1. I'm trying to understand the selection: among the residues of segment 118-131, which are farther than 17 Å from residue 94 by Cβ and of a type in the set (Gly, Ala, Ser)?
2. Considering only residues that are open to solvent by 50 Å² or more (accessible area, probe 1.4 Å) and outside any loop (DSSP other than H, G, I, E, B), look in segment 125-135 and name the one that is modelled with the lowest pLDDT.
3. Of the residues 73, 88, 57, which single one is under 30 Å from residue 150 (Cα atoms), open to solvent by 30 Å² or more (accessible area, probe 1.4 Å) and at pLDDT 95 or above?
4. For segment 136-170, which residues satisfy the criterion of being closer than 20 Å to residue 104 by Cβ, small (Gly, Ala, Ser) and part of a helix (DSSP H, G or I)?
5. Name the single residue, out of those in segment 96-124 being in a helix (DSSP H, G or I) and closer than 21 Å to residue 40 by Cβ, that is most open to solvent (accessible area, probe 1.4 Å).
6. May I ask you to list the residues in segment 36-53 that are β-branched (Val, Ile, Thr) and either open to solvent by less than 40 Å² (accessible area, probe 1.4 Å) or under 17 Å from the mean Cα position of the chain (by Cα) (or both)?
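The values are calculated or read from the model by the stated rules, or taken from the named source; none is laboratory data. Since we're looking at a predicted model, the values are computed, not measured. No Cβ is skipped: glycine too gets one built from the backbone with ideal geometry, and neighbour counts run over all protein chains shown. Just the protein is used for accessible areas: all its heavy atoms, side chains included, with ligands, DNA and RNA removed. Shrake-Rupley method; radii C 1.70, N 1.55, O 1.52, S 1.80 Å.
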Amino acid sequence: DLEAINYLIFAKNCESFNAFFEDPWERTEVVPVKERTQLIDKATQLSKSVKSEILKKRYIFLTIRLAIYNDDKDRIVDLYKTNFSADKEKTILNYWSMYFRIFAEKDNELKSFYAAQVYANAPDKRFVVFGSFDRKAKIESILKFAKTNEETANVYLLAGILKVDKSFDY
């Protein structure tokens, strides 16, 4: 499968750009890297040209992951919305993409909702999203984003874990 092999080669080339690079003069928090921007553009192009739906999603995930390190939050929101949010069957790529979507979200209640979904479905991301849940937000304002009983349960799960007093109601 040549498309799969090409994806693996491309993903390997992206590895070294999946980190924040520090500005030695401390003028900015994030330093966009020209090569990373080129990889983002290439991944976007490749996602549109592959036949396999799985590889398309993988290229989009790589784009989202690279975009977080380039501080391109608008692109993350757009890519997640157009490629992952409507999926009925969610895979680990959905939740890993949602994980990066959390850091691009300005609405604390929606961020908390996403954090609860990632916490419940991507165990390797639990420690990192733990702090993204807004403990001060009313649970009803977070639950308004839930469309299924499972999503509601995920919100109650993380809210209950983070509640320091009685959480039996959750």
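1. 131
2. 130
3. On inspection, the qualifying residue turns out to be 57.
4. Passing the criteria: only 141.
5. Residue satisfying both the conditions and the ranking: 96.
6. 40, 44, 50 - these are the residues of segment 36-53 that are β-branched (Val, Ile, Thr) and either open to solvent by less than 40 Å² (accessible area, probe 1.4 Å) or under 17 Å from the mean Cα position of the chain (by Cα) (or both).
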